[in-house]
Structures are given as structure tokens and as C-alpha cells.
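One structure is given below, encoded as C-alpha cells.
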Amino acid sequence: MKDTVRGWVRDCRSLCVLSGAGVSAESGVPTFRGPQGLWKQQDPMSLATPAAFEADPREVGDWYQWRRQRIRDCAPNPGHAALAAVEAAKPDFLLVTQNVDGLHRVAGSRRVAEIHGNIWVVRCTGCGAERVERDDFAKLPPRCAACGGLLRPGVVWFGEELPPGPSGAAMEMLSRCEVLIVAGTSAVVTPASGYAAVAKRRGARVIEVNPDETPVSAICDATFRGKSGEVLPALLK
Ligand code: OAD
């Protein structure tokens, strides 16, 4: 671990982190891309779009139920823990995550912007009511107890806008952070794939943590080719 890079993180006042599925990989949550990725077995367009839900809400509901079951017993790993710990040391901090598993909050992170939503939230497509539901649904697709409308997961699907609160907070942070750490994302899904360039353009230092090269690697000031559960604790201690 290069001391200079550790110094950038230690000495900055304003730190932003962008996390992706790779940060939860060591917790046992499947990633989307790569040889074992979810999108190797399934077509995203048949499961993670509003059109797919309209065409077959049962199949989409079934897939989300399966994912919720996979995630339910997963615990945060040392990468999540290191991010929660560094937050306490920084006056200005935001963890921007594409992950919907909620593990950052379980690990203790509080200043979190979940730009792709949260898989434990369900939203009624009829009355718009939202709630957290951790149990399995007895019947699929699930329906709203109040109005009978179909319940959908509180996540962002392809073709949908990001939730304005988390997305706005992310953009504000990218406009002022001194350091951005990009961890565990393939950096191919917009708009998060462009966040590193936004921060870099205005002079932030950008650090990547990923076993593999990604489209943002070329603009990074430092890259660590390792697992986030190992690299982040060393980088942030
Ligand atoms: P991906 O599955 O696309 O990429 C995961 C990245 O994590 C890859 O670059 C891996 O090399 C890396 N990786 C794997 N194991 C790792 C480890 N132990 N430590 C660090 N990195 C590791 O996941 P995302 O980039 O998060 O969106 O995907 C972005 C979005 O695409 C998701 O939020 C989801 C998906 O379609 C929606 O569903 C809208």
C-alpha cells in the first residue's frame, strides 16, 4: 500500500466513496457482471425494466424474492466496516452506493446515498405507499393490503430516473470532494459510470479499488487491484 495514497485519504476533509456490487461480493451477494454474475444467467431487460414488470409481474417478483433470500443472511464484510469507520473521522463524507442490499447501513454507515434504491423497500404501483418488508411474500406478485395494487421493489430499473434525493446529494458531493474512492463497480452503468470523471475534472483525486481494470481505471490517480474487503481496511486505517 502506497503511503502517499493513504495520506490523500487520511488528510482530506471531504471524502466521497462510490461503491458497487463488488464491495458486497465477499459477503456472498452475487455481482451482476463477470463469469458468475447475475446477468450471465438472466437478461436484465427481461427482469429489471418497467416493461418486464408490466409484461410478467410474477416472474419479476419471483426473481426479486430469490435475490432477497440470497441477501437476507449475508453480513457486512471488512470493506463495509472500514467505510463505516472512516465516516466518523471525516467532517464531510458521502458514501454513494449502487448497491440495493442495505449492507452499508447494517455495517454502521449513516451518510449513504442509495442511488439505485433498496431491495427491502416495496412500493405500491397503485397508491404509491412505500414500506420496508424483510419477510418473503406468501403470494407472487405481492399486492398492496390497502388498495390491492401490485407491489414493486423499491429499486431503480433500467430506463428509470434515479431518486432525486440520493442522486442530488451525490452530484453535490462530487462537486466538492477532495478525494473519490471508486470501489467494486464495473463502471459501465450510467450515470454512476461518469461520476469519477466529474470529480476528476474539478481536481479531486480518484482512487480505484477493483481486482479488474474498468473504463475509469485510465483516469484514476491510483488503482489497487485487489478485493475491497482487503484493500479498503488497509487504505482507510
Ligand atoms: P457489476 O457486477 O457490474 O461489477 C462488479 C465489479 O466488482 C466488477 O468490476 C468486479 O471486477 C468487481 N469485483 C468483484 N469482486 C470484487 C471484490 N471482492 N472487491 C472489489 N471489487 C470486486 O456491479 P456494479 O458496477 O455495481 O443496476 O453494477 C452497476 C449496476 O448494474 C447495478 O447497480 C445494477 C446492475 O445492472 C441496476 O439493476 C439498475
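A few remarks follow.
- Using alpha-carbon coordinates, inclination of helix 164-174 to the longest axis of the chain, degrees: 10
- Remark: the chain carries 46 Å² of accessible area per residue (probe radius 1.4 Å; ligands, DNA and RNA excluded).
- Values of log10 I(q)/I(0), in the order q = 0.13 Å⁻¹, for region 141-237 under a Debye, Cα-only, solvent-free model: -0.57
- Just checking the listed ones, 52, 21, 183: in the Gaussian network model of the chain with Cα springs under 10 Å, the one fluctuating most is 52.
- Phi-derived couplings, Karplus 6.51 cos²θ - 1.76 cosθ + 1.60 at θ = phi - 60°, listed residue by residue for region 99-106: 7, 9, 7, x, 5, 4, 5, 4 Hz, with x used for Gly and Pro.
- Lysine pairs in the chain with Cα atoms under 30 Å, if 8 or more residues apart or on separate chains: 12
- Reported to the nearest whole Å, the Cα centre-to-centre distance from region 106-139 to region 140-182 is 10.
- Check: region 150-237 dipole with +1 on Lys, Arg Cβ and -1 on Asp, Glu Cβ, in debye: 180
- More than 14 angstrom apart: percent of Cα pairs within region 189-237: 53
- Within the chain, 12, 74, 220 have no other Cys Cβ under 4.7 Å of their Cβ and so lack a disulfide-compatible partner by this rule.
- Unit charges at the beta carbon, dipole of region 41-104: most positive-side option, 89, 99, 50: 89
- In Hz, Karplus ³J(HN,Hα) per residue of region 22-30 (6.51, -1.76, 1.60; θ = phi - 60°; x = Gly, Pro): x, 5, 9, 4, 6, 8, x, 8, x
- The helix-only estimate of mean residue ellipticity at 222 nm for the chain, built from DSSP H runs of length n ≥ 4 each weighted as -39500 (n - 2.57), is -9500 deg cm²/dmol after division by the residue total.
- Put a plus charge on the Cβ of each Lys and Arg, a minus charge on the Cβ of each Asp and Glu, and nothing anywhere else: the dipole of region 101-153 about its Cα centre is then about 120 debye.
- Our estimate of slack between residue 65 and residue 147, defined as 0.36 nm per intervening residue step minus the Cα-Cα distance, is 27.4 nm.
- Counting only Cβ charges, +1 for Lys and Arg and -1 for Asp and Glu, the dipole size of region 179-221 around its Cα centre is about 300 debye.
- For residue 92, residues with placed amide H under 5 Å, excluding near neighbours: 15
- Relative contact order for region 94-144, counting Cα pairs under 8 Å that sit 6 or more residues apart, in percent: 29
- Relative to the longest principal axis of the Cα atoms of the chain, the long axis of helix 57-72 lies at roughly 50 degrees.
- C-alpha long axis of helix 78-89 to longest principal axis of the chain, angle in °: 60
- Portion, in percent, of the accessible area of the chain that falls on carbon or sulfur, probe 1.4 Å: 52
- Percent of alpha-carbon pairs separated by more than 22 Å within the chain: 52
The values are calculated or read from the model by the stated rules, or taken from the named source; none is laboratory data. This one's a predicted model, so the numbers in the text were calculated from it and none came from an experiment. All Cβ positions, even for glycine, are placed from backbone atoms using ideal geometry, and neighbour counts span all protein chains on display. For the accessible areas, the whole protein counts, side chains as well, though only heavy atoms, and no ligand, DNA or RNA atoms are used. Shrake-Rupley method; radii C 1.70, N 1.55, O 1.52, S 1.80 Å.
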